[in-house]
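Please read the structure below before turning to the comments.
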Amino acid sequence: MVFACDYLLLGSFIGMAVAMGVQAGAASLHHLSSGTIYLSVGGMLLFVLSFSLGAGPVPGLLLPEIFPNRIRAKAMALCMSVHWVINFFVGLLFLQLLEQLGAELLYSIFATVCVVAAIFVRKNVVETKGKTLQEIEVALLQTQ
């Protein structure tokens, strides 16, 4: 069954993939016109909106619910540290990758990653709302 958390994450990743597709499409248009600029800005705004509605806040809310009490603090610290380190490297390397790969290929890679994330969420994320930690653990074990 698909519930609110799944819908938020799925919708977010699909919206981000569409936005990156729009960005790649705008980058493939080699003539710089006002339409191309509006397409690019629209893609960026759609990406920010999609990220803000699901992929940004939901993992920070979902992760504490899926870890058992005995490891919750350490697991959250590890997960959020990995998140921010990867975020740092994406920001650090984006301009270099843009110069080396080109905008069309880079945005296509980002769109592909978003599609893979949506597939992962659909197959592996369980709804946690209103469930005890034991019920969540059983649901997670059943998805494996």
Would you mind calculating the gained length between residue 123 and residue 87 on full extension (0.36 nm times residue separation, minus the Cα-Cα distance), in nm to one decimal? 10.5 nm
Quick one: order 79, 114 by neighbouring beta-carbon count within 10 Å, fewest to most. 79, 114
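So, by mean Cβ neighbours within 10 angstrom, what's the order for 37-50, 86-99 with the highest one leading?
37-50, 86-99
Ranking 28, 33 by Cβ neighbours within 10 Å, fewest first, what do you get? Let's see the in-between values first.
Values: 28 14, 33 9.
Starting with the residue having the fewest Cβ neighbours, the order is 33, 28.
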Could you work out the relative contact order of the chain? I mean the mean sequence separation of Cα pairs under 8 Å and 6+ apart, divided by the number of residues, in percent. 41 percent
How far is helix 133-143 tilted off the main Cα axis of the chain, in degrees rounded to 10, range 0 to 90? 60 degrees
Treat the chain as a sphere of radius equal to its Kirkwood radius over Cα pairs and apply Stokes-Einstein at 10 °C in a medium of 1.306 mPa s; give the translational diffusion coefficient in µm²/s, rounded to a whole number. 94 µm²/s
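Read-outs: derived from the displayed coordinates by stated rules, not from any lab. Since this is a predicted model, take the numbers as computed values, not measurements. Every residue, glycine among them, receives a Cβ derived from its backbone with ideal geometry; neighbour counts consider all protein chains shown.
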